[in-house]
Amino acid sequence: MNVSGDEGRAIDSRTTLARETEVQEAVRRIAAGIRRDHDPEQVTLVGIMDGALIFLADLARELSPVTAVTTMRVRSYDGDQPGPVEVLWSPDPAAIEGRSVVLVDTVVETSATLRAAVKAIRAAGSPSHIHLAALIDKGGLGASSTLLLDGHYVGWTMPGAPYIVGYGLDFRGRGRGLRSIDALKS
């Protein structure tokens with residue numbers, strides 16, 4: 001990726017944590033877990049935008065053409081710094097009522113975004129279950145956050161991992177389209 005300015009230098013200096021083939025294998029493992037635990041026809045995937053965009057699409061394709069898909073927006077960063085958690089929009093109540101909801105997020109750093117998303121889902125409707133599908137857990141799925149959920153599906157656990165870009169995750173708007181998951185070098 002060739003971009004200019006300080007942001008470009010940060011994006012150009014990175015180490016690959018997971019190649020595209022490894023990412024796709026993790027998506028298949030997560031989808032298999034969801035299929036094992038739920039009838040895909042009764043599942044609604046709720047992607048937390050914008051980071052989950054690519055993961056959400058790939059996961060939906062791995063599950064079933066009849067799996068419902070919707071999104072919500074939870075902001076927890078101000079630029080590249082953690083900020084106040086704010087739910088900007090929630091899914092339509094009809095999309096989650098009585099269904100097995102699987103929140104989809106590419107990375108869980110803290111449980112703050114997860115807590116806000118679960119609270120918004122419960123306020124919007126009455127799902128039969130709420131699970132989480134996360135490609136990467138950076139340590140945010142501690143005991144307190146798992147109490148909010150009926151279960152979770154995780155591709156990798158990477159406690160203390162540096163800032164990650166690729167596969168939907170960005171650094172100041174750049175790197176989201178990388179097919180791999182990369183750590184920025186400091």
Worksheet item: So what J values fall out for segment 117-124 if you push phi through Karplus, 6.51 cos²θ - 1.76 cosθ + 1.60 with θ = phi - 60°, rounded to Hz, Gly and Pro as x?
Response: 5, 5, 4, 5, 4, 5, 6, 7
Fill in: Whole-number D in µm² s⁻¹ for segment 11-78, Kirkwood Cα-pair radius fed into Stokes-Einstein, 10 °C, 1.306 mPa s
118
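Counting only DSSP beta bridges with both residues in segment 22-119, what percent are antiparallel, rounded to the nearest 5? Write down the numbers at each step before the final one.
Values: 5 of 16 bridges.
Here the antiparallel bridges make up roughly 30 percent for segment 22-119.
Given the C-alpha atoms of segment 110-186, compute the convex hull and give its volume per residue in Å³. Let's see the in-between values first.
Values: hull volume 9.0 nm³, N = 77.
Value for segment 110-186: 117 Å³ per residue.
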Worksheet, complete the sentence: Expected vector for segment 178-186, Karplus 3J(HN,Hα) from phi with 6.51, -1.76, 1.60 and θ = phi - 60°, integer Hz, x for Gly and Pro, equals 4, 7, 9, 10, 10, 9, 6, 7, 7
Fill in: residue 126 versus residue 57: modelled label distance in nm, points set 7 Å from Cα along the beta carbon direction
3.6
Fill in: Å² per residue, accessible surface of the chain at 1.4 Å
47
Response to the item:
For segment 27-186, the accessible surface attributable to carbon and sulfur atoms (probe 1.4 angstrom, ligands and nucleic acids excluded) amounts in percent to 50
Discussion item. Using Cα springs under 10 Å in a Gaussian network model of the chain, which residue among 168, 125, 155 shows the largest mean-square fluctuation?
Written reply: 125
Response to the item:
Checked against the structure, the computed Kirkwood radius over Cα pairs in Å among (1) 18.4; (2) 16.1; (3) 16.6 is the one labelled (3)
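What fraction of the DSSP beta bridges in the chain is antiparallel, stated in percent and rounded to the nearest 5? Don't skip to the end; give the middle numbers.
Working: 13 of 38 bridges.
Bridges in the chain are about 35 percent antiparallel.
Please give the net charge around residue 176, taking every other residue with its beta carbon less than 9 angstrom from that of residue 176, where Lys and Arg add +1 and Asp and Glu add -1. Don't jump to the answer; show the numbers that get you there.
On the way: positive: 174; negative: 50, 170.
Result for the neighbourhood of residue 176: -1.
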Worksheet item: Percent antiparallel among DSSP beta bridges with both residues in segment 103-186, to the nearest 5?
Response: 25
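Taking N as the number of residues in segment 31-135, what is its Cα Rg relative to 2.2 N^0.38 Å?
Numbers: Rg = 13.0 Å, N = 105, 2.2 N^0.38 = 12.9 Å.
Dividing the Cα Rg of segment 31-135 by 2.2 N^0.38 Å gives 1.01.
The values are calculated or read from the model by the stated rules, or taken from the named source; none is laboratory data. What you see is a predicted model; the values in this text were computed from it and never measured. All Cβ positions, glycine included, derive from the backbone under ideal geometry; neighbour counts span all protein chains shown. Areas reflect the complete protein model, heavy atoms only, side chains present, ligands, DNA and RNA absent. Shrake-Rupley method; radii C 1.70, N 1.55, O 1.52, S 1.80 Å.
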